[in-house]
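Okay, structure first, notes after.
Just so it is clear, none of the values below were taken in a lab; they were calculated from the coordinates. All figures in this text were calculated on a predicted structure; none of them were measured in a lab. Please note: Cβ atoms are built from the backbone with ideal geometry, for glycine as well, and neighbour counts cover all protein chains shown.
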Amino acid sequence: MTPVTFNGCFGWLHQDGAGHGHEIAVLIYPSLNHDALNAYHANRLLADQFAAAGYPAMRFDYPNSGDSADIQGYGPHADINLWDIWRDAVDVAADTLRRQTGALRVILCGFRIGATLAALAAATRRDVAGLILLSPVIKGQSYLRQLSIEAQLHDSSLPPLTEGLRFQEICFNPATVRAIAAVDLRDIAPPSGAKIAIFAPSRGRLIEECRLAWERSGAEIFSAGFEGFEPMLTMNVEDHKAHPHVAPALAWLRGAIPSGRRGQMPPVTKPTAILNLPRITETPLRFGAGCRLFGMLCQPEQAGATDIVLIVNAGRDPRHGPGRFHVELARKLAEESVASLRLDFAGLGDSIGPPGEEDLLSSLLDTDRTADISAAIDALARLGFRNFAAYGLCAGAYHAMRAAISDPRLSRLLLVNMPLLDWRPGEGIDFIRHKNMPLRYFLGEFAKLRSWPIARHKILKSGSVLRGQLLRLASTFANAKWSPARWSRRFGGAGLTEGQKNIALLLRRNVKTLFLFGENDLGLDAVTRELDPLRTAHTFAETITIQVLANFDHLVSHEPTRRAAAQNLRAFLRRTATKPPPCAMKETALATAPAGSD
């Protein structure tokens, strides 16, 4: 993989060892929001396997999405049509792919709304050899309705769709909504003789009507189910082995449009990797053993910043974070002269997993991330950074805390909606959820059920409920003010839990720590209950900060609370900023290199 930037977009170019000179290349169009996060890993595998089979491939982020630049002046009231900007961007992406690979023709491949953009591009270009459409959106109006319903479920106060749609990463002003609503793939005419493969979970009426219309225009259509691609539809939270099998798309491509070579071609200019934004520069970095880890370094335009924040993965999402919050946060920090590194843990995003597991998503909590974070600090120290903080959301907060325990170079922690202070390998996410939920929640849920058989099925299906609630009760008892265990701890006795020992260690090291929670987040009660016995420590008040935000959901869905959260995080960094001590780098043989360098 080699990073590439063009017209403010960031992407990855995948090529085999032969490099330049293939006749056909594949351009992969991402989807948006949840769809983009869920399918990110699958798109990387697709690009790898296309390239290995002799089809150079490129995947990229649209403007205002992923790692790409934001469109200046775009907003809820601006009369700028984001949809047309994306259509222009995908044309530039196709031209860039051909220029970098020497390909004569391109295959356009997309998932969900990305498949829609691919089909629209094919209707206007003469160099399209074929299409691979994965669960395509046929009607823009239906897609918008689906997004609107999802947004309303999270916030019933949102304005009607005609006034635009702002939810998580989605930022559609009225002009963009109108443009998307007008899209209907049944009305377009792909090039006569074009070969098109459609992989869809079900053959609904719209897909069948689209297929028939395209066949009448002279296209050659192959239709198949979605077997192997199912992991693209939902976020795989826990299963270490479940990953998409993209062989059906590759098998069709090899049979329908064989790859060819044009002979030896003159070398092309090495693709640009640095993204220059207003007052900010973003540079992709590879580092760690074998340069298998990846991060996006975001720096203020003015050189000389020594403070840096490591922004780590939330759950199994790529480095952008849910709702693209991590990108927004990084760029706001850079405006205040604080650099950041949006880091992908090994096996997530664009960091490669260990040998033998390169194609697998690494575990959410069972995988130890301390080595990844320390490798990032090593790399950044070589670039001149001296004062290190770590930010994490949900599981990322847990890994950031664990890294600070093992690496004393981390002096500040920003932990958002942290679900727990201690993790026992093998405990499932459902178990943690059941342990954190108040008993009244479960009693209320069961009170709604109308029959005992249904209730019994619910209990059996959630077998960890009872064990989680018993552990919750034991923890509450142990941390109660009148508990003998608490008084024993207060006077130097044993009995600290592993999580409390970790916090006690951070207190002794004077690691400034912010715990930021939504008022209804399940981790709030669990973590504060664990912290409560440590409040008597004389350094607690000056070291630990706990803040609670109203209307702040677990995955930072709403724009106003995203802004409030970012303001609190930046204020904490300003308040705790100190002159960094000389940094003694760890002895290391690991290399740091801009991604894409030899």
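General remarks:
- Within straight-line reach of K270, meaning a Cα separation under 14 Å, sit the following aspartates and glutamates at least 8 residues removed in sequence or on another chain: D598.
- Placing a pseudo-label 7 Å from each Cα along the Cα-to-Cβ vector at R99 and L505 gives an inter-label distance of 5.1 nm.
- Between T306 and E542, the simple label model (points 7 Å from Cα in the Cβ direction) yields a spacing of 2.2 nm.
- Cα-based reach from K139 at 14 Å (exclusive), listing aspartates and glutamates while leaving out same-chain residues under 8 positions away: D184, D187, E208, E209
- For segment 75-137: relative contact order, % (alpha-carbon pairs under 8 angstrom, 6 or more apart): 31 percent
- Eligible aspartates and glutamates near K332 by straight Cα distance, threshold 17 Å, same-chain separation 8 or greater: D67, D70, E169, E282, E301, D307, E559
- Sequence of K332, K270 once ranked by neighbouring C-beta atoms within 10 Å, starting from the fewest: K270, K332
- Gain upon complete extension [E220, Q567; 0.36 nm per residue less C-alpha separation]: 119.6 nm
- Residues T536, T370, sorted so that the one with the fewest Cβ neighbours within 10 Å comes first: T536, T370
- Residues E208, E282, E150 in ascending order of nearby Cβ atoms (within 10 Å, fewest first): E208, E150, E282.
- Sparsely packed loop sites in segment 124-198 (the trypsin sites (Lys or Arg not before Pro) outside DSSP H, G, I, E and B with at most 11 other Cβ atoms within 10 Å) comprise R126.
- Potential lengthening between I80 and R535 on full extension [0.36 nm per residue; Cα-Cα distance subtracted]: 158.6 nm
- With the simple model of a label 7 Å out from the Cα in the direction of the Cβ, A52 to L212 spans 4.1 nm.
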